[in-house]
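What follows is a set of notes on a single structure, which appears directly below.
The values are calculated or read from the model by the stated rules, or taken from the named source; none is laboratory data. Note that the structure is predicted; figures quoted are calculated from it, not measured. FYI the Cβ positions are ideal-geometry reconstructions off the backbone, even for glycines, and counts take in every protein chain you see. To get the accessible areas, we keep the full protein, side chains included, count just its heavy atoms, and leave off ligands, DNA and RNA. Shrake-Rupley method; radii C 1.70, N 1.55, O 1.52, S 1.80 Å.
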Amino acid sequence: MGEYTLTRSEKRFIGWHLFVAIAALSIGSFYGPMQAFNYAGWNFYPTLRKWHIAQNYYQGLTLHGVLNAVVWTTFFITGFLTFNVIYGLRRPLKYPKLNALGFWMMVVGVLLASYAILANQASVLYTFYPPMKASWIFYLGLVLLVVGSWIEGYGFYFTLYEWKKQNPGVRTPFIAFASVATMVLWQLATLGVAIEALFMLLPWSLGWLEGIDVQVARTFFWWFGHPLVYFWLLPAYISWYGYLPRQAGGKLFSDTMARLAFWLFILLSVPVGFHHQFVDPGVAPAWKYIHALLTLSVVIPSMMTLFTVVASLEYAGIKRGGKGLLGWLAKLPWDDPVVAAQLLAGLLFIFGGIGGVVNASYNTNLILHNTAWVPGHFHLTVSTAVTLTFMGISYWLVPYLTGRELCCRKVALAQVYLWATGMAIFSQAMHSLGLLGAPRRTPLGEAPYVPPEWSGLLLRVGIGGIFLLTSVYMYVWIMAHTAFFGRKAEKPVEVQVAEPMRDVQLTPAWLDSWKPWIAGAVGLILIAYTPVLIDLLSHMVPVDAPKMKLW
Ligand code: HAS
Ligand code: CU
């Protein structure tokens, strides 16, 4: 790929996405360690209450979950995907105003939802399960966030369509293809939560419905909730396939495998939601079994990714002079924050992935469901594989967008290692606590039933929190310093898109054709959900929120 530069306004537009993402992270990440400290017995909530920045544990937990898991990710992702579409296709967006409309709608949505949470009117956690009921402002904010992201996605489709018309027979450049695929996955996924919010939660919170069926709501939520995690993950995979091999000094081992992995995600990500509902009543075991099988199938594209990315890295390490079976490992640029972030993210994700398979297995799920194991799992996945990779991406993307040099490279390197260490300590302790029966979503520091064998682990959760609190504010500081006060770069940042080892045109044409895969995905969703939904919808038991307020 030769040089191609984005215009100033394109850079600014993407920059705004990252700005909102990092702003959300900087608030949300304050409350994460507050939970960890509570576990360790250092309870700051009385002080936070005095300062009027969180009334209770659940408000803090909601701020943490929504701002980090939903806002930081969605904004970072839409910004990064916009970059990939423009840079990958080497052309402007077809309708930049449409994308701008989507973006500002998302911003309004976030402001509304954040207002509701900050006012303690929506301390319903990031899964907002009914019958907990939030203010309608919260649900309206969510709807705007989702619809805005759809509009940004439509902007991508129009742009790709135009490019394809002008480039018949040419394989879509991987970073652009994979970005549009991520959006398609997101749009299939969000149908579930859109139905839940528009037809159930929003009218219910406005008083237009007296009650809603909790099981139906949960089922639509998890239709969305599982593929949501791949909406987070796939942009990290785009970076691991599309940039990391070159950043590490090598090439992408197989463009064919990379594309096939993305198609498999489109095909298999959605019809798996019942692996979050193994213990829910009202769903026949046969359907849980089918979803469990499909869940284990959607592990395959991740195993393929493990293989392809490690093969690409091995090639890079050998080119850098690595000898023997594992000598290449030591030769990788572990001192480059962009690369180190992604290597550490990938290494910890191996454990996150193994945990995922344990979760997906019905019999082991019964032991760990609703325990601290689950947050242990997702801090290795969304908070490390994804977030640490995004941090690594921003260490080149923000300098590219602002034309300023990354300030303090050494601090950035330390930040990345601190994050990985903190997460390793935190997650290991959380997994172990879960196996000992410690519940999730619970202020364990104040619980009267904590047995002595938990205490060492609870302390380790708190210590992990100290590492993470330090690391995240180092990151925010580096970003702010680079974007606003960084030295003007003498030469522009080179965007390091990885070349595949084989000519891209040799990738089979069926891997560049959308219809069969999307049709397959829709078919599988219909098979996996229709009979259960018909059954659930014909036995609805609408309930209202408890009269007392839960928080
Ligand atoms: Fe999960 C619960 C199953 C992946 C996130 N998951 C959650 C929740 C979240 C979450 C947020 O089946 C909690 C939801 C809630 O609040 O209730 N998960 C899986 C499975 C996978 C999986 C089978 N999860 C993720 C990812 C997430 C995520 C990814 C976020 C981004 N998960 C479950 C289940 C539950 C669950 C149940 C419900 C539990 C319950 O009962 O509540 C798989 O997709 C994992 C496959 C991954 C691999 C790893 C491949 C390794 C790679 C690394 C490459 C290495 C590199 C570096 C690049 C098999 C690709 C190499 C470096 C060198 C130096 C060489
Ligand atoms: Cu899942």
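Helical content alone sets the calculated 222 nm signal of the chain at -22000 deg cm²/dmol, taking -39,500 (n - 2.57) per DSSP H segment of four or more residues and averaging over every residue. For the stretch 254-381, the Kirkwood hydrodynamic radius from C-alpha pairs, put into Stokes-Einstein at 25 °C and a viscosity of 0.890 mPa s, yields a diffusion coefficient of 147 µm² per second. Normalised Debye scattering of the stretch 1-123 at q = 0.09, 0.12, 0.16, 0.17 Å⁻¹ gives log10 I(q)/I(0) of -0.34, -0.54, -0.78, -0.84, counting only Cα atoms as equal scatterers and leaving out solvent. Here the chain is assigned +1 on the Cβ of each Lys and Arg and -1 on the Cβ of each Asp and Glu. Its dipole about the Cα centre then comes out at about 1120 debye. For the stretch 247-254, putting each phi into the Karplus relation 6.51 cos²θ - 1.76 cosθ + 1.60 with θ = phi - 60° gives couplings of 4, 8, x, x, 10, 6, 4, 8 Hz, in residue order, rounded to whole numbers and with x for Gly and Pro. Which residue, chosen from LEU67, GLY207, GLY41, occupies the Cα position most advanced towards the positive end of the dipole of the chain, where the dipole is computed from +1 (Lys, Arg) and -1 (Asp, Glu) charges on Cβ about the Cα centre? Going by the charge dipole, the pick is LEU67.
Residues whose amide H comes within less than 5 Å of that of ARG404, counting only those at least five positions distant or on another chain, are ALA489 (H built at 1.01 Å from N in the peptide plane). According to the calculation over all Cα-Cα pairs in the stretch 403-468, the P(r) per 5 Å bin from zero is 4, 16, 22, 19, 12, 8, 7, 6, 4, 2, 1, 0 %. Once backbone amide H atoms are built at 1.01 Å from N, LEU252 has GLU499, MET501 as its partners under 5 Å, excluding neighbours fewer than 5 places away on the same chain. Near the amide H of VAL543, within less than 5 Å, lie the amide hydrogens of ILE212, ASP213, VAL214, all on another chain or at least 5 residues away, with H placed in the peptide plane.
Model label points for PHE199 and VAL108, set 7 angstrom from Cα along the Cα-to-Cβ axis, are 2.5 nm apart. Taking each of LYS165/LYS515; LYS94/LYS491; LYS11/LYS491 in turn, the alpha-carbon distance tops 23 angstrom for LYS94/LYS491.
For a straight C-alpha distance cut-off of 23 angstrom, the lysines reachable from LYS133 (same-chain residues fewer than eight places away being disregarded) are LYS547, LYS549. Taking a straight Cα-Cα cut-off under 14 Å and skipping sequence neighbours fewer than 8 places away in the same chain, the aspartates and glutamates within cross-link reach of LYS488 are GLU405.
Expressed in Å, the radius of gyration and Dmax of the Cα atoms of the stretch 190-328 are 20.5, 69.
Of all lysines in the structure, the ones whose alpha carbon falls short of 21 Å from that of LYS331, not counting any fewer than 8 places away in one chain, are LYS251, LYS319, LYS323, LYS410.
Rounded to the nearest whole Hz, the Karplus-based 3J(HN,Hα) values (6.51 cos²θ - 1.76 cosθ + 1.60, θ = phi - 60°) of the stretch 359-364 follow the sequence 4, 6, 8, 3, 5, 6, with x at glycine and proline. Summing Lys and Arg as +1 and Asp and Glu as -1 over all other residues whose Cβ lies under 12 Å from the Cβ of LYS165 gives a net charge of +2. Taking all C-alpha pairs of the stretch 354-486, those more than 27 Å from each other amount to 33 percent. The Cβ shell under 15 Å around TYR129 holds other residues with a net charge of 0, Lys and Arg each +1, Asp and Glu each -1. Summing Lys and Arg as +1 and Asp and Glu as -1 over all other residues whose Cβ lies under 12 Å from the Cβ of VAL85 gives a net charge of 0. Note that the stretch 315-325 has calculated 3J(HN,Hα) couplings of 4, 4, x, 5, 4, 7, x, x, 10, x, 5 Hz, one per residue in order, obtained from phi through the Karplus relation 6.51 cos²θ - 1.76 cosθ + 1.60 (θ = phi - 60°); glycine and proline are x. Taking the chain on its own, what percent of its Cα-Cα pair distances exceed 33 Å? Beyond 33 Å sits 40 percent of the P(r) for the chain. What percentage of the solvent-accessible surface of the chain, computed with a 1.4 Å probe over protein heavy atoms, is contributed by carbon and sulfur atoms? Ligands and nucleic acids excluded, carbon and sulfur give 70 percent. Averaged over its residues, the chain has an accessible area of 39 Å² per residue, based on protein heavy atoms and a 1.4 Å probe.
Kirkwood's formula applied to the C-alpha pairs of the stretch 210-260 gives a hydrodynamic radius of 13.6 angstrom.
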